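These notes are about the structure you will find just below.
The values are calculated or read from the model by the stated rules, or taken from the named source; none is laboratory data. Everything numeric in this text was worked out from a predicted model, so none of it was measured. In this analysis, Cβ positions are derived from the backbone assuming ideal geometry, glycine residues included, and neighbour counts consider all displayed protein chains.
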Amino acid sequence: MPGTAAVYYDGLVSRRQAVEISLHPEGLAIFTPDGRLATTWPYAAIRRIEGFAGEGLAITRTPEPGSAAEPRLEIADQRFAADLAARAPLTLTQGMAARRERRNVVLWAIAAAASLVGLAYIGLPAIAGRVAPLVPAGMEERLGAAMDPQIRQQFGGATPLKTCTNPEGVAALADLAGRYERAAGLHVPLRVVVLDHRMVNAFALPGGYVYVMNGLIQRARGPDEVAGVLGHEIGHVRYRHGLQSAIQSGGLGFLLGTVFGDFAGGTAVVLASRALIQSAFSRDAERQADAFGVDLMLKAGGNPEGLAGFFTSLGAGAPGALSWITSHPANAERERAILEMARGRARSAPALTPEQWTALRAICQKTE
């Protein structure tokens, strides 16, 4: 298909780039001036930028997984724009879903502004609980992406933590996380990785980021203990406890940043990231996450007794043990509550097969 000239912004810097674009079966191809293929946008990912004041058509694409960039392409050629619309007739306009998203953003901004006004009266902790459910999922994902490098650096120091990538272990983890994600009904996609650190720990960031330390896997007595911790952390994702904690810990500056969507590079993100891994959730939040973890195990694999036993098997004397264990004296009470929730309920398949458990324990034999 003959190409045409266009103007491209990569979404990372504001520099204007002259490019050549053409239509291909797999999507809209974007070439640099010297003829190299820069990227290809699948037709299903293309969105019209409404309200564009220039001549022709302005489009963007849905963010790629793990990327906060919002690229932009301006096409002056009307005929080419029409050909593009013919290949992607339903995706060039944002339609009802986009209008709902814009409405949610507006409602969220109004609610956040009202919360700021009420700051002097009810305090930031109460505001965090009320504001967090109103934050659009896309904003929460971008916040998690901005916090991810901060978390890795804080744990790893001068050398950010590496992700464990041994293929067999990754496959075992993906099988477990995939079953749990399908059963969880989350508002954001789940991103579960194992980090190469000896600390007995796991935690969840806003936006579906869940980290399990290799030290926890090595200390666990079986797959049900790891699966129970994973289910518990997915519960924090489901109820947006990490987002609440980030808003509460980051203070007024962070809350203003969430209103305007300006997360990356701010000191508030650094402070919120640090506070998130150093603080503990409330007892009510932990009970919610416990109950959610039990339900996930019963629906998608695992014995909840593993989560109950985790409090005694890993909580005592483990270096860097989970804050939600070491900070609460009522471990025996929570263990009894978990066993009571699981009593009399049918169990599904095991969390992992013996072969998968062996592979998961070896997941950090390769890192990157």
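Inside segment 1-49, residues that are in contact with a helix residue (DSSP H, G or I) (Cβ under 8 Å, 6 or more places away or on another chain) and under 16 Å from R72 (Cβ atoms) make up a count of 4.
For segment 125-141, taking the residues that are in contact with a Leu (Cβ under 7 Å, 6 or more places away or on another chain) and in a helix (DSSP H, G or I), the one that is modelled with the highest pLDDT is identified as E140.
Checked against the criteria, H236 does not count as farther than 29 Å from G138 by Cβ, touching a residue at least 12 places away in the same chain (Cβ under 8 Å) and not aliphatic (A, V, I, L, M). Across segment 8-41, the qualifying residues are those that are assigned to a loop (DSSP other than H, G, I, E, B) and at pLDDT 90 or above, and the one among them that is surrounded by the fewest Cβ atoms within 10 Å (Cβ to Cβ) is R36. Scan segment 173-222 for residues that are within 15 Å of D148 (Cβ to Cβ) and among the hydroxyl-bearing types (S, T, Y) and the total you get is 2. I'd like to check something: does segment 223-237 contain any residue that is in contact with a helix residue (DSSP H, G or I) (Cβ under 8 Å, 6 or more places away or on another chain) and surrounded by fewer than 24 Cβ atoms within 10 Å (Cβ to Cβ)? Looking for residues that are in contact with a helix residue (DSSP H, G or I) (Cβ under 8 Å, 6 or more places away or on another chain) and surrounded by fewer than 24 Cβ atoms within 10 Å (Cβ to Cβ), one finds none in segment 223-237, hence no. Within segment 147-169, the residues that satisfy the criterion of being at pLDDT below 95, buried (at least 16 other Cβ atoms within 10 Å of the Cβ), in a helix (DSSP H, G or I) and not aromatic (F, W, Y) are M147, D148, Q150, I151, R152, Q154.
Name the pairs: first residue in segment 215-231 and in the same structural domain as A300 (by TED's automatic domain parsing), second residue basic (K, R), Cβ to Cβ under 9 Å, at least 6 apart or on different chains? Listed by first residue and then by second, the contacts come to G215/R198; I217/R361; Q218/R198; Q218/R361; A220/R361; E225/R219.
Can you name every one of the helices (runs of 4 or more DSSP H) wholly within segment 309-368 that holds 3 or more residues which are at pLDDT 95 or above, in the same structural domain as T165 (by TED's automatic domain parsing) and not polar (S, T, N, Q)?
Result: 354-361.
The single residue among G144, G95 that is over 30 Å from T358 (Cβ atoms), at pLDDT below 65, not assigned by TED's automatic domain parsing to the domain that holds E50 and not hydrophobic (A, V, I, L, M, F, W, C) turns out to be G95.
Going through H241, H197 one at a time, which residue ends up being more than 17 Å from the chain's Cα centre (by Cα) and in contact (Cβ under 8 Å) with a residue 24 or more places away in the chain? Reasoning before the result, please.
On the way: H241 fails: more than 17 Å from the chain's Cα centre (by Cα).
Only one candidate passes the filter, namely H197.
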